[in-house]
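Here the structure is laid out as structure tokens; the discussion comes afterwards.
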Amino acid sequence: MSAFDLSERVAVVTGGNAGIGLGIAQGLGGAGARVMICGRRDAANGAAIEILRSAGCDAHSIAIDVTDKDQLRTLFAHTRETLGPVDILVNNAVTTSINTLMDTTLEDFEKGLRVGPMATLRLMQLAQPHLLEAGDGNIINLATAAAKRWDSSTYGVYAAEKEAIRALSRGAACEWGPMGLRTNCILPLAKSPALEMWEQWRPEEAAAFAETVPMKRIGHCEDDIGEFVAMLCSPESRYVNG
């Protein structure tokens, strides 16, 4: 059971069917929030729902493509009909290309922008009326520490996509903060399937990176990241914005 109380809150988590997204859904659900996760694949969504409900969470799912504007509208309409107006939006869905600048195609970059900052902005725009209706709504956007690497070789495109999300988060915090809507951006590091793939793909680089973490360990998707997001969305964090 979480130390934070989010009972009666409604949360939408994109890319919530695995990894850090699922960990965040678990953290919010464990704090009492009713959670709507969305991902592209029904099978993955269903498996995640089983995990969430087995832990006592009030969880639901919908299969959507975050690059499709009409499907994003359907997401909020379905969530309102099923659970009520959205109080919390977590933008976690991502796709990217880890490659050198010369080997990155514009098509790959454009795809990352559509799934990343463009979808994030559209979701924020669609969610804003719901979040204002809630009175103390929260947006949590995900960026990456890859943008802070000592050597950005092959990470330039990924960093660019995520830094755009960080900039959007700062803009929303300033524009919507006076309305009672808080926006925060986290740069999580957790033992997700994506990180495990990176460890297998580039073991020496991954090991060197892990050594730079002051805690000397990689975080846990639910206990370290999900619980932290629950705290950010709680009344105890009422003055944390931007």
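The values are calculated or read from the model by the stated rules, or taken from the named source; none is laboratory data. Bear in mind the structure is a predicted one, so any value in this text is a computation, not a measurement. FYI the Cβ positions are ideal-geometry reconstructions off the backbone, even for glycines, and counts take in every protein chain you see. Ligands, DNA and RNA are stripped out before the accessible areas are found, and what is left, the full protein with its side chains, is counted by its heavy atoms. Shrake-Rupley method; radii C 1.70, N 1.55, O 1.52, S 1.80 Å.
Take the residues of the range 85-99 that are farther than 21 Å from S192 by Cα, modelled with pLDDT of 95 or more and of a type outside the set (D, E): which is surrounded by the most Cβ atoms within 10 Å (Cβ to Cβ)?
The residue in question is I88.
Only one of P188, P178 is open to solvent by 70 Å² or more (accessible area, probe 1.4 Å) and either modelled with pLDDT of 90 or more or out of contact with any strand residue (DSSP E or B) (no Cβ under 7 Å at 6 or more places or on another chain) (or both). Can you tell me which?
Answer to the check: P178.
Among what's in the range 210-222 and is assigned to a helix (DSSP H, G or I) and without any contact (Cβ under 8 Å) to a residue 24 or more places away in the chain, pick the residue that is least open to solvent (accessible area, probe 1.4 Å).
Once the filter is applied, the top-ranked residue is A210.
If I go through the range 1-51 residue by residue, how many of them are open to solvent by less than 20 Å² (accessible area, probe 1.4 Å), under 13 Å from N92 (Cβ atoms) and of a type in the set (V, I, T)?
Of the residues in the range 1-51, 6 are open to solvent by less than 20 Å² (accessible area, probe 1.4 Å), under 13 Å from N92 (Cβ atoms) and of a type in the set (V, I, T).
I'm trying to understand the selection: among the residues of the range 118-162, which are part of a loop (DSSP other than H, G, I, E, B), β-branched (V, I, T) and within 12 Å of the chain's Cα centre (by Cα)?
T144
What about E107, is it surrounded by fewer than 20 Cβ atoms within 10 Å (Cβ to Cβ), closer than 24 Å to M197 by Cβ and not polar (S, T, N, Q)?
Yes.
Please work out if I165 is touching a strand residue (DSSP E or B) at 6+ places or on another chain (Cβ under 8 Å) and assigned to a helix (DSSP H, G or I).
yes
Within the range 117-170, take every residue that is in contact with a Lys or Arg (Cβ under 7 Å, 6 or more places away or on another chain) and of a type in the set (S, T, Y) and give me the one that is farthest from N184 (Cα to Cα).
That would be Y155.
Counting just the residues of the range 4-16 that are within 19 Å of G219 (Cβ to Cβ) and part of a loop (DSSP other than H, G, I, E, B), which one comes out modelled with the lowest pLDDT?
Restricting to residues being within 19 Å of G219 (Cβ to Cβ) and part of a loop (DSSP other than H, G, I, E, B), the top hit is F4.
With M1, M102 as the choices, which residue is at pLDDT below 95 and hydrophobic (A, V, I, L, M, F, W, C)?
M1
Within the group G56, G19, which residue is farther than 29 Å from C174 by Cβ and within 15 Å of the chain's Cα centre (by Cα)?
Matching residue, one of G56, G19: G19.
Sort out which residues of the range 66-84 are assigned to a loop (DSSP other than H, G, I, E, B) and either aromatic (F, W, Y) or open to solvent by 20 Å² or more (accessible area, probe 1.4 Å) (or both), and write them in order of number.
T67, D68
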